[in-house]
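Student: Below you will find the structure I want to go over with you.
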Amino acid sequence: MLWALVIGTAVGCYLLKLLGYLVPDRVLDHPRTRRVVELLPVALLAGLVVVEAVANGRHVELDGPRLAGFAVGAVAVWRRAPFLVVIVAAALTAALLRLA
Amino acid sequence: MSERRTVVRDSLSVGIAVGAYGFAFGAASVSAGLSVLQTCLLSLLAFTGGTQFAVVGVVAGGGGLAAALASGLLLGSRNSLYAMRLAPVLRVRGVRRLAAAHGTIDESTAMAVAQRDPDLSRVAFWWTFGGVFVFWNLTTFVGALVGAVVDPARIGLDAVVPAAFLALLAPRLRAGRVERRIAIGAAVIAGALIPFTPPGVPVLAACAALLLATERP
């Protein structure tokens, strides 16, 4: 199952990228299609933020260090810190709280 | 000429920043149960970070193949839109087009469209692609090796994943009210479904928040 997933993801992702170079602009350029493709990542990313922050399989798990690390990362995002700073701040916070 | 060098330097520094994220991906992927080889192949061949994280996130939660693949490919569909935007700028044919397709990701698109001049856009695209490709794959490999011996939670990587997704989402939240409404709706839907559906489904169901996209005057 994992190999099928790796191969399916690799092939699918490449074909999605290539698709944009092959189709004439007007096919996908319907304003509504464009809007949906633009907004889809907003919904998916917001869903992923919540699931990655609080889910453990099918359980809601409020893990202190994980949430604190996420919160510090979120403040860094809000303050428009560079991506690298966001990542290091989130990791350091969670790791240090687990050491304590 | 110096303008060109500035673009090259900026493009490479994007690659280095993304490299840290590659480390987190490598570790997360191995701890989800993928082998080091499978992890590296995903970074080499799928080469689109958000999708890769989404896929291994579903696997880590115990979700099925269909849910993992669906959330990954839906998230990857934005690259089609980037490709449409880049095609008239890059004007590539044949093998170069096949290569350009592989490099069509968030970072290379953002760097290319930020340039005023088409020549600089092409420089930005290829150098960002190259920089991200090298660092993303190197750090994926190192992260996978580290993740195989250290629990990623001990180095705080479980907090990195949601924070990184939020960083990817942030520019869109600043783009408009419709985006914020969709994001809040999607977050509520996904959170509410966690206890009731198999892993992977909450994120897919969050797409229903697109129904909130009706623009109001």
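Student: Using the Karplus curve 6.51 cos²θ - 1.76 cosθ + 1.60 with θ = phi - 60°, work out ³J(HN,Hα) for each residue of segment A:75-82 in order, rounded to whole Hz, and write x for Gly and Pro.
Tutor: Values, residue by residue: 4, 4, 5, 4, 7, 6, 6, x Hz.
Student: Where in chain B is the longest stretch that carries no trypsin sites (Lys or Arg not before Pro) classed as loop by DSSP and with at most 16 other Cβ atoms within 10 Å? Provide the component values of the computation, followed by the final result.
Tutor: Numbers: sites that count: B:91, B:93, B:116, B:174.
By the stated rule (loop sites, at most 16 other Cβ atoms within 10 Å), B:1-90.
Student: In whole Å, how far is the Cα centre of segment B:1-77 from that of segment A:53-78?
Tutor: Segment B:1-77 and segment A:53-78 have Cα centres spaced 20 Å from each other.
Student: For chain A, what's the relative contact order in percent, using C-alpha pairs closer than 8 Å and at least 6 residues apart?
Tutor: This gives 18 percent for chain A.
Student: Check residue A:56: other-chain or 5+ apart residues with amide H under 5 Å from its amide H, H built from backbone geometry?
Tutor: Amide H neighbours of residue A:56: A:61.
Student: Using the Kyte-Doolittle scale, which helices in chain B average at least -1.0 and also have C-alpha atoms spread 20 Å or more along the helix axis, with helices defined as whole DSSP H runs?
Tutor: Flagged H segments are B:2-32, B:118-149, B:157-173, B:177-193.
Student: Within 14 Å, Cβ to Cβ, of residue B:119, how many net charges do the neighbouring residues add up to if Lys/Arg are +1 and Asp/Glu are -1?
Tutor: On the way: positive: B:4, B:5, B:91, B:116, B:122; negative: B:3, B:117.
Residues close to residue B:119 contribute a combined charge of +3.
Student: Please tell me the relative contact order of segment B:55-152 in percent, rounded to the nearest whole number, where contacts are Cα pairs under 8 Å and at least six residues apart. Can you show the working numbers first?
Tutor: On the way: 56 pairs, mean separation 18.2, N = 98.
RCO, segment B:55-152: 19 percent.
Student: Which whole number gives the average, over all residues in B:36-49, of C-beta atoms from other chains lying within 10 Å of the residue C-beta?
Tutor: Working: counts 0, 2, 5, 1, 0, 5, 6, 1, 1, 7, 10, 4, 5, 0.
Per residue, the number of nearby Cβ atoms from other chains is 3 on average.
Student: Could you work out the mean count of beta carbons from other protein chains within 10 Å of each residue's beta carbon in B:205-211?
Tutor: Working: counts 2, 11, 7, 2, 7, 7, 1.
For peptide B:205-211, the averaged partner shielding equals 5.
Student: Suppose each label sits 7 Å from its Cα in the direction of the beta carbon; what would the residue B:212-residue A:22 distance come out to in nanometres?
Tutor: Placing both labels 7 Å along Cα→Cβ, they lie 3.6 nm apart.
Values in this text are rule-based calculations from the coordinates and carry no lab data. Because the structure is a prediction, the values reported are computed rather than measured. Cβ sites come from the backbone with ideal geometry, for glycine too, and all protein chains shown count toward neighbours.
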